[in-house]
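One structure is given below, encoded as structure tokens.
The values are calculated or read from the model by the stated rules, or taken from the named source; none is laboratory data. Keep in mind that this is a model prediction, so the values were computed, not measured. With ideal geometry, Cβ positions are generated from the backbone for all residues, glycine too; neighbour counts draw on all protein chains shown. For accessibility, only protein heavy atoms count, side chains too; no ligands or nucleic acids. Shrake-Rupley method; radii C 1.70, N 1.55, O 1.52, S 1.80 Å.
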Amino acid sequence: MPVSMRFSFRLRLLLTFWFVIVFVQWMPIQYYSRTLRRDLLDEEENKAIRQLHLVHWLLIQRNGFPDGERFNEWLTELGEQLQVRITYMATGGRIIADSQVAFADIPGMENHANRPEIVAARGQEVGSSIRYSGTVNKELFYVATSVAGLDKVPAGVVRLALPFSPIRARLDHLYQALYGLMALMLIATAALSYIITRRLQHSIAPLMRAAEAIGTGDFSQRVRIVASRELVPLADSLNRMAELIRTHIHRITAEKRQLEAILNGMRNGVMLLDVRGRVHTFNQALRNMVPSMTHIVGRRPLEVVMSPELQEACDHVLQDNSDVGAVHSLQISLEWQRFYDVNIVRVQDRHEGLGAIVVLHDISELKRLERVRKDFVSNVSHELRTPLTSIKGYSEALLSGGDQDRDTMRSFLQLILKNADHMASIISDLLKLARLEAKREQIQLVDVNPVDALTAAWKLCTPLAQGRKVQLQQQLPAEGLLVRVDFGQLVQVFRNLLENAVRYSPANEAVIVSHQVVGDWVTFSVRDLGPGIPGQEQHRIFERFYRVETVRGKEGGSTGLGLAICRHIINNHGGRIWLESFTGGETRGSTFFFTVPVAVPKEAGEP
Ligand code: ADP
């Protein structure tokens, strides 16, 4: 238990006790002391009045004095007997005699007409007051009564003054006793409260320790020992509560983790917006969309995704309170050809302050494929239309007139055949490509000597090569190098690359084929000294129907599909294809590289 808490608890308990004691005792003490004081005063007053009446009666009995001095002596003697001070004054207040003042000093005494007891005695039978007397320097109790004139004594007032100090002393004793008792009780309660709080502390300390631990998240804490029987139900409740909280927290944590796993496992970007339209939570896919952004939480969707349309849609959904649960869809495009299908759902969670869920589905690939498909269809149509137009033109020419000679007709028919062949080769290449793309053509991996594949490919290129007087110069080892490939497909790759090299090589030059083994891969290169491929075109020439120059490429049955086929074949073998090409100077020419896996050497006894 913290010291401050313990102290304040003890102090509060003590102050409460004290307050109760003071409150309960103060009134009776006050009442009792007042009553006692009044009784004492009454008693004293009665005694004084009795003595006053006695003095009065004695005065009347004497019925006069020979002179003032005798009168003063008489009063002095009587005062001593009664142990009081007796003063006699004329009606106007002038002192005639005083038992405690010498007769010679009487004329010097001040007028007493205004003394309270004197004023009171004029109106009623007896007047009384308690006052401090300057004459005798004491607090005195005064009683006075009017006296009719006597012989040699004028009518006036006789007054008795009794010392008040015995009453005061009795009252002081009484107050001392009462306040002493009260102080004793306060001290006793202080001790009592100390003992009670100590005992209480001892009993509730384990409970408080457990409660504190639970408060700081340690739900394994339990109260096992309870000092006081009264606290057992409380300890049980505390233990049950801790268990319940622990179970709930475990469940909530597990659910939260599941939810996070689901969210992060999603390929769609998700962000939860709060009611102000700021990002509250997001998933890994969204983080991948904006990897450079350090803080996403608290930002507006526009800051994260940079799409005004998305921001507008979010604002609209958040403002429209009637639309809870409805899905709002839109499509947005971002830079770098990224396209997203976005669904926004309004949610209303007052506790969490959630406003909407935004799900971004990346459809860039779909869009790209759609574009590729459209391009493909238009490319195929375009590629086929040119030879078809020629075939149609020459056929119409043949049909229209009979005046052509045999040679013209023959050349027309040859052109028709050439265009038909070109169309056939486009269609054959397209089919190859389609099969390769669909992986329908199962590749049959065998150990192949690349020289065999190269020789087979070169044989197919020979008519073209002879026409252009281009030779093959190859530096592959005749034995010892084996690659693990589909033989037919390797021949196809060599053939396409050699055909291109021969086609673009200057006459009387050589096409050079070489290789390099790096680890488990062998890299083949096919080099020519042709015009080369401009840098900006190089990354596109593996696309279907892509030609650097349309005129250049269409000569000699070029389909624009050869390199696309090569790329597919090499990719299907797990390899890579690329080129280095220079269009000017001494280094002019193109080198195409591709990699295929080296065959694994066979163990002895293996077929
Ligand atoms: P094609 O059937 O037209 O040769 P490819 O896919 O094999 O189709 O080649 C695509 C284009 O790449 C060619 O049209 C040509 O413009 C360019 N190209 C290919 N190989 C070479 C090369 N060795 N030298 C210069 N250009 C080449």
remark   = Scanning the stretch 527-576 for residues that are at pLDDT 90 or above, away from the ligand (no atom under 12 Å from the Cβ) and open to solvent by 40 Å² or more (accessible area, probe 1.4 Å) gives Asn571, Asn572, Gly574, Arg576
query = Which members of the stretch 363-376 meet the condition of being open to solvent by less than 80 Å² (accessible area, probe 1.4 Å), assigned to a helix (DSSP H, G or I) and aliphatic (A, V, I, L, M)?
reply = Val372
query = Name the pairs whose Cβ atoms lie under 8 Å apart, with the first residue in the stretch 561-582 and within 16 Å of Asp520 (Cα to Cα) and assigned to a helix (DSSP H, G or I), the second more than 9 Å from the ligand (Cβ to nearest atom) and among the basic types (Lys, Arg), and 6 or more positions between them or separate chains?
reply = Ile570/Arg576
key: Residues of the stretch 504-526 classified as in contact with a Phe, Trp or Tyr (Cβ under 8 Å, 6 or more places away or on another chain) and either within 10 Å of the ligand (Cβ to nearest atom) or polar (S, T, N, Q) (or both), total   = 4
task = Please go through the stretch 472-510 and pick out each residue that is under 14 Å from Thr455 (Cβ atoms) and in a strand (DSSP E or B).
result = Leu472, Gln473, Gln474
query = Of all residues in the stretch 89-133, which are in a strand (DSSP E or B) and touching a residue at least 60 places away in the same chain (Cβ under 8 Å)?
reply = Met89, Ala90, Ile96, Val126, Ser128, Ile130
task = Check Arg37 against each of (1) modelled with pLDDT of 90 or more; (2) surrounded by 15 or more Cβ atoms within 10 Å (Cβ to Cβ); (3) part of a helix (DSSP H, G or I) and name the one condition it does not meet.
result = (1)
task = Scan the stretch 157-216 for residues that are surrounded by fewer than 16 Cβ atoms within 10 Å (Cβ to Cβ), among the hydroxyl-bearing types (Ser, Thr, Tyr) and farther than 30 Å from Pro116 by Cα and jot them down.
result = Tyr179, Tyr194, Thr216
task = Filter the stretch 402-417 down to residues that are closer than 16 Å to Thr389 by Cα and surrounded by 14 or more Cβ atoms within 10 Å (Cβ to Cβ) and give me whichever is farthest from the chain's Cα centre (by Cα).
result = Phe412
request  = Could you grab me the full set of residues in the stretch 1-17 that are open to solvent by less than 90 Å² (accessible area, probe 1.4 Å) and at pLDDT below 80?
outcome  = Met1, Pro2, Ser4, Met5, Arg6, Ser8, Phe9, Arg10, Leu11, Leu13, Leu14, Phe17
